[in-house]
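One structure is given below, encoded as structure tokens.
What follows is calculated from the coordinates using simple rules that are stated; it is not laboratory data. A quick note: this is a predicted structure, and the numbers were derived from the prediction, not measured. Neighbour counts run over all protein chains shown; Cβ positions are idealised from the backbone, glycine included.
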Amino acid sequence: MTEAFYARAVHEVARDLVGCVVRNGRAAGRIVEVESYHQTEPACHAFVGLTTRTSTLFGPPGRAYVYRSYGIHALLNAVAEAEGVGAAVLIRALEPVEGLDEMRARRGLERAEDLCSGPGKLTQALGIGLELNASSLVDGAMRIEPRPTGTAPPRLAVGPRIGITKAADLPWRFCDADSRCVSRPWPGPMRARGRAA
DNA sequence: CATGGGATTGACT
DNA sequence: GTCAATCCCATGC
């Protein structure tokens with residue numbers, strides 16, 4: 001996927017990333033859940049402006065923003081919008097498609113549904129660490145590949161983002177409505193019919 | 001230089 | 001349902 005794919009409104013990038021494939025070496029998984037973050041809104045790390053931590057967010061689109069959460073987990077984002085604008089798409093869950101043995105070894109689990117069903121889980125399963133911060137997702141060792149040709153666009157479920165305390169009302173979480181690998185079950189009646197990418 | 005919070009997870013009551 | 005683990009980094013003295 002080209003850099004131009006990421007140089008668009010972060011919410012469009014988020015929707016279009018559902019169904020794409022995150023790969024790191026032989027381990028790969030299909031994206032089934034994402035959230036978008038933008039500098040104009042306080043839940044986004046870039047809200048505080050340009051700092052050491054947020055420099056990747058303000059950098060060129062199509063790079064990875066990887067940071068440590070709760071001192072324990074690495075979380076993976078795809079930087080979006082034009083350089084100079086702080087925005088990114090948090091990858092929250094994958095459906096494992098290749099390298100399941102590697103994932104099971106790293107996670108110490110067997111069930112495929114549990115390997116990548118959370119933002120901290122998927123980075124552990126794919127072996128994604130902080131050293132990959134600011135690396136390219138277009139042609140790097142870790143990259144995001146387009147949906148396999150011929151596959152239909154997923155049905156999208158849209159709702160508020162998870163696990164944040166600020167701007168928790170914004171409906172910027174996008175899930176594959178038909179996947180069982182999402183990080184948290186969908187609340188219920190708030191389903192939106194998906195759109196083609 | 002010291003402090004506090006956080007886009008989570010897994011174990012336990 | 002509750003709760004601790006653990007560390008980067010922004011902020012404030």
Tell me, what is the Rg over Rh of region A:47-154, with Rh the Kirkwood radius over Cα pairs?
0.99
Whose amide H sits under 5 Å from the amide H of A:Arg155, counting only residues 5 or more places off or on another chain, with H placed in the peptide plane?
A:Ala177, A:Asp178
Inter-label distance for A:Ser69 and A:Arg184, nm, one decimal - labels placed 7 Å from Cα along Cα-to-Cβ
1.1 nm
What 222 nm value per residue comes from the helices of chain A, counting each DSSP H run with n ≥ 4 as -39,500 (n - 2.57) and dividing by all residues, nearest 500 deg cm²/dmol?
-4000 deg cm²/dmol
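Quick check for me: using +1 on Lys/Arg Cβ and -1 on Asp/Glu Cβ, what's the dipole size of chain A about its Cα centre, in debye to the nearest 20?
Values: 25 positive and 21 negative charges, 80 e Å.
My answer is approximately 380 debye.
Taking the Cα centre as origin and putting +1 on Lys and Arg beta-carbons and -1 on Asp and Glu beta-carbons, what dipole magnitude results for region A:5-79, to the nearest 20 debye?
Working: 8 positive and 5 negative charges, 70 e Å.
Computed about the Cα centre, the dipole is about 340 debye.
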For A:Ala93, other-chain or 5+-apart residues with amide H closer than 5 Å (H placed, Pro excluded) are A:Val32, A:Glu33
A:Glu145-A:Glu12 pseudo-label distance in nm [points 7 Å out on the Cα-to-Cβ vector]
2.6 nm
Which whole-percent values make up P(r) of chain A when all C-alpha to C-alpha distances are grouped in 10 Å steps starting at zero?
10, 39, 39, 12, 0
Between A:Thr52 and A:Thr2, what is the label-point separation in nm under the 7 Å Cα-to-beta-carbon projection?
3.7 nm
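Using 1/(1 + (r/R0)^6) with R0 = 35 angstrom and r between the beta carbons of A:Glu41 and A:Ser136, what's the FRET efficiency to the nearest 0.05? If you can, show how the numbers build up before the last one.
On the way: r = 26 Å, r/R0 = 0.74.
With R0 = 35 Å, the Cβ-Cβ based efficiency is 0.85.
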